[in-house]
Structure formats: C-alpha cells, structure tokens
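To start, the structure itself, in structure tokens.
The values are calculated or read from the model by the stated rules, or taken from the named source; none is laboratory data. What you see is a predicted model; the values in this text were computed from it and never measured. Neighbour counts run over all protein chains shown; Cβ positions are idealised from the backbone, glycine included.
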Amino acid sequence: MSIQTKPLNSSDAAVPSGPATSANSVVVDRLIYAFAGLAAILLAYNLYQIFMVLGDELQQGAIYRIIFFHVPAALTAFIGFFVAMVLSVVYLSTNNLKWDSLAAAINEVSLVFACVNIVTGSIWARIIWGIWWTWDYRLTSMLVCILIFFGYLLLRQSIDEPTQRARLSAALSIFGCVDIVIVWKSIEWFRTQHPGPVLSIRTGGGSMDPTMEAAIYRNLIPLLLIAISLVILRARQESTAREIDSLRRRLM
Amino acid sequence: MNGLSYAWAIARKDLAVEFRTKESLNAAGAFAIVILLLFSFAFDTASDEPAELAGKLLWLVFAFAGALIFNRGFAREMPNECLDALMASPIPAASLVVGKAFASFVLLLIVEAVSLFACGIFYNMNWTRRLPALFIVFVLATWGLSIVGAVFGALTVNLRLRELMLPVLIYPLMIPLLTGAIELTGALLTNQPLTPDVLLWGRVLIVFDVVFTSLAILLAEAILLN
Amino acid sequence: MAVIALDDVWKFFGNFPALKQVTLGLEPGSCCALLGRNGAGKTTLLRVLAGLSPFQRGSIEVLGSKVRSAEARRQTGFLGHGIGVYEDLTARENLRFFGRAAGAKLDETALNRWLKRVDLARVADSPVRQFSRGMRQRLALARTFQHEPQLFLLDEPFTSLDDRSIAMLGELLGEAQARGATMVLSTHQIREALAIASHVALLDQGQLRYFARRTDEMVEDPRTLYRIREELGIL
C-alpha cells in the first residue's frame, strides 16, 4: 500500500463546528434583538403591575415587591445550571463543541442571575431582618452554588486548549449541579430562618395571594428571555474565541 | 483483572511509595497539628465543652490536610509522564481514580487518627466514648472527601495553577459532606443522643458517597484523556 | 488483517485540526517510520493510536479491536517522551507493577530475566531515583517490552535514549519484529529510523502526505526523502 496525497486547503478542513456564516449570524442577531425586545416589553408591563396595581403586603409593606425579582432570578439560575448540566452530558457524548459553548454561556449567565438573587435577598433581609446576611442554610446554599460556578469560570480561564477545556468544565458542571441538588435536598432537613416555601407548587397553595404568585411567574418570563438573549450572545463569543484560537494555532 | 483489582493495584502502589517517602503523610500530619495549635489561640480553650468546638475544628483540619494529600495523588504521576504509561495500559480510567481515592482515603484516615489523638490531649477532650460510631462517621465522610479529591486531582493535574485550583474547586462541593460530618462528630464527641435530626446527616453522607463515587466512575475517562 | 487501520481520522484541538483525513493501514510485522517536522502531528497520531487522546471523526482499529479498548491496550507497548517509570519504586517493583497493569502473568523468573536483559539485575532492588539516565531508559525499555505486545508505539525513541539504550532498543525491536510484532515510531533521526523501518510515512500539518514501502534507495541516500518532500511541496 502506498499513499500520496495533495495538501488539504484550510477551507477543505470542514471543522465540526465552524464559525458562524454571515447569513447565520444575521439570524442570530435578529433572535437576540427579538428576545431582548420582548423581554423589555414584558418587563415594562410587569413593573407597572408590580408598582401601580398590586397593593402592599400586610406585614412587610412595600419591600416585599423584591420577591418578584428575587424568586424568578433564582429559578432562572437553577433552570440554567440544570440545562447546562444536560448540555455538558450532551457534549461529552457527542464531542461537538457547540454544546460546550452553549453550556459555558448558560452557566455564566446563570451565575449572574444567582448573584441577582443573593443581592436582592440581602437587601430584603436588611429591611425585614435588620441584617445583610445570616448563615441560614438556604442563603448558604445559594452562596455555595455561586462559589461552585465561579470555580467553573476560573477553571475555564486556566485551560488554553479548547477541547480539554470543554471536557473538564463539562465534568465540573455535572459535579456542581449534582452537588447543588444534594445541598438543597438537605435544606428540608435543617432548621432555617429563611421564609418557608411560598409558591403553590411547593406548598399546595394557600400561603400566598394568588395574584402575587401569578406576578412572580409572570416576571419569570422576561427574566428568562433576557437570560436567553445573553446566552446566545455569549455562546457566539465563545465560538468566535475558539475560532481565533484555532487561527493562532495555525500560525504557530 | 477486573476494575476493582486494578484500583487495588494502583492504591497499593501509591501507598507503597507514600510509606517509603512519607511526603504527603508528613506534610499533612504536621499541617494538621499546626492548625490545631493555631486554633487554640483563636478560641477559648478553657470553655466548658471543648468537644463541641473540636467536632467543628477537626473537619476543617481534615479538609485542609486532605487538600495536600489530594494534590499529591495525581501529581505523583507527572514526573517521567507516568500518567501516560498508566493510561496507555489496560487499566480503566475509573480504576485509576478509585485507586487514587482509596490511597488518599487511607492516608487521610491516618492523619485523622493522629489529629484526634492530638486534639484529645491539647483540648482535654475524651473522644473514646463512642469510638465505633465515630469510626463509621469518619469512614463515610473521609471516603466522600477522597473521591472528590481524586476526581479533582485528576481534573487539575495538567493545569498551571494546580495547587491553587484544587482547593477552590473542591471545598464548595464538599460543603454538604463537611456539614454532615461536623454535625455527627459534634454529637458523638459531646456524647449527645443521636436524634433523628442528627441521623439524617448520616443519610447525607451516604448519598454523597454513592452519588459522587458513581459520577467519578462515569466521568473518569472524560477527565483523564486529553 | 491490518494491525492498525485508520480510516479518515480527524482530530481537533478546538477548531484546529491536528490530524486531517488520516487513512493508513499497517500489516503485521511492518515497522513504520513516522517522519515530519515539529508540529506535523507525529506525537498526536501516536497518542491517538495509544488511546491516550480522543479523536473526533473517522475510525481506528488496533489489532482488530477499537482503539482504546482494553484488548487493544493490552497488546500495545507505548513509550512516549517521558520514560514512564516511578522514581520512588525499585526497578523490580516498577516492572512488577506495570507488568500487572498490562495484564501479563509475570513470575519472578520472568522479571529477573528482563532485569538481566536490560542489565539492571545488579541494582534491581534500588530505587530508580538513584539510577543514571541510561539506566532509567533501559528500565523503560523493559517496561515497554516485558508484556510482549503485538504493537509498539514509540515517540522519538532515538532522541531521549543514549547509545547503549539505542543499541538495546534495536535488538529488542528486531526480536519483536521476528515474532511478528508491528511498530510505529516517530523520529527526526532519519538514518537510524530507516535502518529498521519497512515503511515510511510523511506527515505535514496533520495530514498524511506520503506513505510507502521503504526502498533501498532511501537507505543508501537519505536525500531521497528530502526529494520526495520537495516534490510534495512540503517546505
């Protein structure tokens, strides 16, 4: 057997997840604007409802309104971490870096929402409890969550080779998400200062005014839309960064 | 040879090397004692119930000392690129991680025994009252620490900032385990009855061990190939 | 049956293809010299064949099983840039450990035979830490050859080894070839490689550009290879 081949052009090098073509990128642009625009409209409507229509809560007064951002931010973050874990599993089984970019983008955006949750919670606690922070188990869990995924970002930063970075961070994403489940399961076993579950999916209803609860869910939608447009933006940056890395390698 | 006997071969090799050089044993043991000593300045040791404090302190000491041991686990394979030789051999990656975890587990248990003994002397604490139960808690919690330590030792072994990254990544993950270990150890050292509340933490330890050992086995190959 | 069969293999680091469209088959008993400049993908190809590095597209069979299957790894001897022996174990312990790892049933007599073979019987029970460079390399050779693999993957064996080890490696490879083993070795030392090679493969930018039987002409005049390179347009 003897082989003699012509050199492949770099254009022949059909990479598994090449850079976005320009037509593709226009679609993605429109998608980002569409999601963000929709989020803005919904948010404006919700803010009007929250501040002008809904009345003050009996015991807490005006500050209770922070719950309309506090709870949906946490839900967005958890949905994100969970989806990112699923995508990490998908990446590990398909080896397609597109899923890695998406998982990384989602984890990063979710981390931001987790921070929103903890900051809004802290403001609320200052008013109601008179303290910024308490080592309540639920607060601690959210902090653990933030630390784990901050570690995720650190890990990604410290690895240069994109494929290795993808594999190792996928593993961390899976470990992190499972760990959060264990952490949150143990909440119910532990005395906690944080208000108990209020959403009717957890309590079976009755602990919260249905109009208020509906407002929480209604505000989840714009927050999710913001998260999605940020994720698309970040995922695209992530693939561009990978393309730049491969061009740099080509020059070396 | 099956996966477990491969893991055993790895663990035996690591322990043989460790007992010969005593690199991480000496470092981790000395570190543990130093921390226990430092704690004596930070806390009021003349308090009525030192055992209450000790339950908390001990697991912090073990987590810190553990990081030294876990760091060495896979770093030991780096000189002469032994990790490549191992990965090219028929040893499954999962056996490699479990074997490393087992070696760390044994070493950490030794450090823990020494610390407990030292703690008993320094803080005038009686730790022998409920030894069998204490032993079970130590075994469950130490295995959890070791398996996470081994996985993340493998994960960070090629990183530039290996020594720094490992603790940053593992401590947040270990929090449910450490909380459980602290609660149980505290109750046992202060000779309190194990109420159902406290016993639930035993369940956390078991769930943590089972879940993370399974994940380690599933993900070992993805982590170790590059 | 081919010992190694690569079919349209691609390996990527991110979007960068480190191996492109590599298709290659090696018959039992052949010895393939892998030539190419630094960064051409020689080490990558060897690591992929050894199952150390995953690839993204194509298929690789090693000795009739999928690459990185336990069976394929059992039959493979890999010697990378690092020599892969433990500094804190003795020579004997190293061989025993890796022999067991390779699933070989090695008794003490076999171990002693290998220690004698690489001239380390005298220091068999001293830790490798105290060994000279040459002694370590000979130990690494024993580690690679002791389980009598059917396939050898050697990365730059001639650069890291001293003269005596090279001579020993030549002998060991000759014996292995005589019992029908196959080998792939990457190298810059074209002369040494051609002396034992039956095939020559040229890699350039991750692509297999040339693969053919080694001709006598190549051995007599190593410039032949440079000429081939030029014809292919490899700078």
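Please specify each residue of segment C:131-160 satisfying the condition of being closer than 17 Å to C:N94 by Cβ and aliphatic (A, V, I, L, M). Across segment C:131-160, the qualifying residues are C:M135, C:L139, C:A140, C:L141, C:A142.
Checking each residue in segment B:155-205 for being at the interface with chain A (Cβ under 9 Å from one of its Cβ atoms) and of a type in the set (S, T, Y) picks out B:T156, B:Y171, B:T179.
Would you point out the residue of segment B:92-115, among those that are aliphatic (A, V, I, L, M) and surrounded by fewer than 24 Cβ atoms within 10 Å (Cβ to Cβ), that is farthest from the other protein chains (Cβ to nearest Cβ)? Break it down stepwise before answering.
Narrowing segment B:92-115 to residues aliphatic (A, V, I, L, M): B:93-94, B:96-98, B:101, B:103, B:106-111, B:113-114.
Narrowing the set further to residues that are surrounded by fewer than 24 Cβ atoms within 10 Å (Cβ to Cβ) leaves B:93-94, B:106, B:109-110, B:113-114.
Working: B:A93: 10, B:A94: 12, B:V106: 17, B:L109: 22, B:I110: 18, B:A113: 24, B:V114: 23 Å.
Among those that are aliphatic (A, V, I, L, M) and surrounded by fewer than 24 Cβ atoms within 10 Å (Cβ to Cβ), it is B:A113.
Determine whether C:R164 is under 16 Å from B:C82 (Cβ atoms), part of a helix (DSSP H, G or I) and either out of contact with any His (no Cβ under 9 Å at 6 or more places or on another chain) or outside the structural domain of C:L194 (by TED's automatic domain parsing) (or both). Taking the combined requirement at face value, the residue does not satisfy it. Of all residues in segment B:158-177, those satisfying the criterion of being farther than 24 Å from B:V207 by Cβ, touching a residue at least 40 places away in the same chain (Cβ under 8 Å) and assigned to a helix (DSSP H, G or I) are B:R162, B:E163. Once segment A:15-37 is narrowed to residues that are out of contact with any helix residue (DSSP H, G or I) (no Cβ under 6 Å at 6 or more places or on another chain) and modelled with pLDDT under 50, the residue that is surrounded by the most Cβ atoms within 10 Å (Cβ to Cβ) is A:V15.
Condition (residue is in contact with a Cys (Cβ under 9 Å, 6 or more places away or on another chain), of a type outside the set (A, V, I, L, M) and either within 11 Å of another protein chain (Cβ to nearest Cβ) or buried (at least 17 other Cβ atoms within 10 Å of the Cβ) (or both)) applied to segment B:14-35: is it met by at least one residue? Can you show your working first?
Step one: list which residues in segment B:14-35 are in contact with a Cys (Cβ under 9 Å, 6 or more places away or on another chain), which gives none.
The answer is no; no qualifying residue exists.
Out of B:F152, B:F208, B:F212, B:F135, one residue alone is more than 9 Å from every other protein chain (Cβ to nearest Cβ) and of a type in the set (A, V, I, L, M, F, W, C). It is B:F135.
Test B:E77 against the criterion of being in a loop (DSSP other than H, G, I, E, B), touching a residue at least 40 places away in the same chain (Cβ under 8 Å) and either within 14 Å of chain C (Cβ to nearest Cβ) or over 24 Å from C:P127 (Cβ atoms) (or both), and give yes or no.
Against the criterion (in a loop (DSSP other than H, G, I, E, B), touching a residue at least 40 places away in the same chain (Cβ under 8 Å) and either within 14 Å of chain C (Cβ to nearest Cβ) or over 24 Å from C:P127 (Cβ atoms) (or both)), B:E77 qualifies.
Pairs meeting the criteria (first residue in segment A:31-54 and more than 27 Å from A:R234 (Cβ to Cβ) and touching a residue at least 60 places away in the same chain (Cβ under 8 Å), second residue acidic (D, E) and in a helix (DSSP H, G or I), beta carbons under 7 Å, at least 6 apart or on different chains) are lacking. Close Cβ contacts (under 8 Å, 6 or more residues apart or on different chains) running from residues in segment C:202-224 that are free of Cβ contacts under 8 Å to residues at least 40 places away in the same chain and small (G, A, S) to residues that are exposed (fewer than 15 other Cβ atoms within 10 Å of the Cβ) and outside any strand (DSSP E or B) comprise C:A212/A:S2. Would you confirm, using the coordinates I've provided, whether C:D107 is at pLDDT 90 or above, more than 22 Å from C:V62 (Cα to Cα) and acidic (D, E)? Answer is no for this residue. Could you tell me whether any residue of segment B:139-153 is in a helix (DSSP H, G or I) and without any contact (Cβ under 8 Å) to a residue 60 or more places away in the chain? Yes. Annotation: A:R218 fulfils all but one of (1) modelled with pLDDT of 90 or more; (2) under 30 Å from A:A34 (Cα atoms); (3) of a type outside the set (S, T, N, Q); the unmet one is (1). Take the residues in segment C:136-150 that are within 14 Å of the chain's Cα centre (by Cα) and of a type in the set (A, V, I, L, M, F, W, C); name whichever of them is nearest to the other protein chains (Cβ to nearest Cβ). Here the answer is C:A140.
Every residue, every condition in (1) closer than 14 Å to A:A171 by Cβ; (2) surrounded by fewer than 23 Cβ atoms within 10 Å (Cβ to Cβ), yes or no:
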| residue | (1), (2) |
| --- | --- |
| A:G80 | no, no |
| A:D100 | yes, no |
| A:A104 | yes, no |
| A:N107 | yes, no |
| A:L111 | no, yes |
| A:V116 | no, yes |
| A:V119 | no, yes |
| A:A125 | no, yes |
| A:W129 | no, yes |
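Within segment C:113-135, at least one residue is within 11 Å of chain B (Cβ to nearest Cβ), under 23 Å from C:D163 (Cα atoms), assigned to a helix (DSSP H, G or I) and in contact (Cβ under 8 Å) with a residue 12 or more places away in the chain. A count restricted to segment C:1-48 and to residues that are part of a strand (DSSP E or B) and either under 24 Å from A:R165 (Cα atoms) or touching a residue at least 60 places away in the same chain (Cβ under 8 Å) (or both) stands at 21.
Going by the conditions given, is A:T211 in a helix (DSSP H, G or I), surrounded by fewer than 14 Cβ atoms within 10 Å (Cβ to Cβ), at pLDDT below 95 and among the β-branched types (V, I, T)? Walk me through how you get there before you give the answer.
Numbers: in a helix (DSSP H, G or I): yes; surrounded by fewer than 14 Cβ atoms within 10 Å (Cβ to Cβ): yes; at pLDDT below 95: yes; among the β-branched types (V, I, T): yes.
Spelling it out, A:T211 is indeed in a helix (DSSP H, G or I), surrounded by fewer than 14 Cβ atoms within 10 Å (Cβ to Cβ), at pLDDT below 95 and among the β-branched types (V, I, T).
If you go through segment B:187-201 and pick out every residue that is under 20 Å from A:T140 (Cβ atoms) and surrounded by fewer than 20 Cβ atoms within 10 Å (Cβ to Cβ), you end up with 3.
When B:F135 is tested against (1) surrounded by fewer than 20 Cβ atoms within 10 Å (Cβ to Cβ); (2) in contact (Cβ under 8 Å) with a residue 60 or more places away in the chain, only condition (2) is not met. Can you pull out the residues in segment C:79-92 that are at the interface with chain B (Cβ under 10 Å from one of its Cβ atoms) and under 23 Å from the mean Cα position of the chain (by Cα)? Residues satisfying the conditions are C:L79, C:G80, C:H81, C:G82, C:I83, C:G84, C:V85, C:Y86, C:E87. Screening B:E112 against (1) in contact with a Leu (Cβ under 8 Å, 6 or more places away or on another chain); (2) of a type in the set (D, E, K, R); (3) without any contact (Cβ under 8 Å) to a residue 40 or more places away in the chain leaves a single unmet condition, (3).
For C:G170, indicate whether it is in a helix (DSSP H, G or I), at pLDDT below 90 and within 14 Å of the chain's Cα centre (by Cα). So C:G170 passes the test.
Of all positions in segment B:54-63, none carries a residue that is touching a residue at least 12 places away in the same chain (Cβ under 8 Å), over 29 Å from B:I175 (Cβ atoms), assigned to a helix (DSSP H, G or I) and not small (G, A, S).
Which of the residues belonging to segment C:131-180 are aromatic (F, W, Y) and touching a Phe, Trp or Tyr at 6+ places or on another chain (Cβ under 6 Å)? Those that are aromatic (F, W, Y) and touching a Phe, Trp or Tyr at 6+ places or on another chain (Cβ under 6 Å): none in segment C:131-180. The one condition from (1) surrounded by fewer than 18 Cβ atoms within 10 Å (Cβ to Cβ); (2) in contact with a Lys or Arg (Cβ under 7 Å, 6 or more places away or on another chain); (3) within 14 Å of another protein chain (Cβ to nearest Cβ) that A:L143 does not meet is (2).
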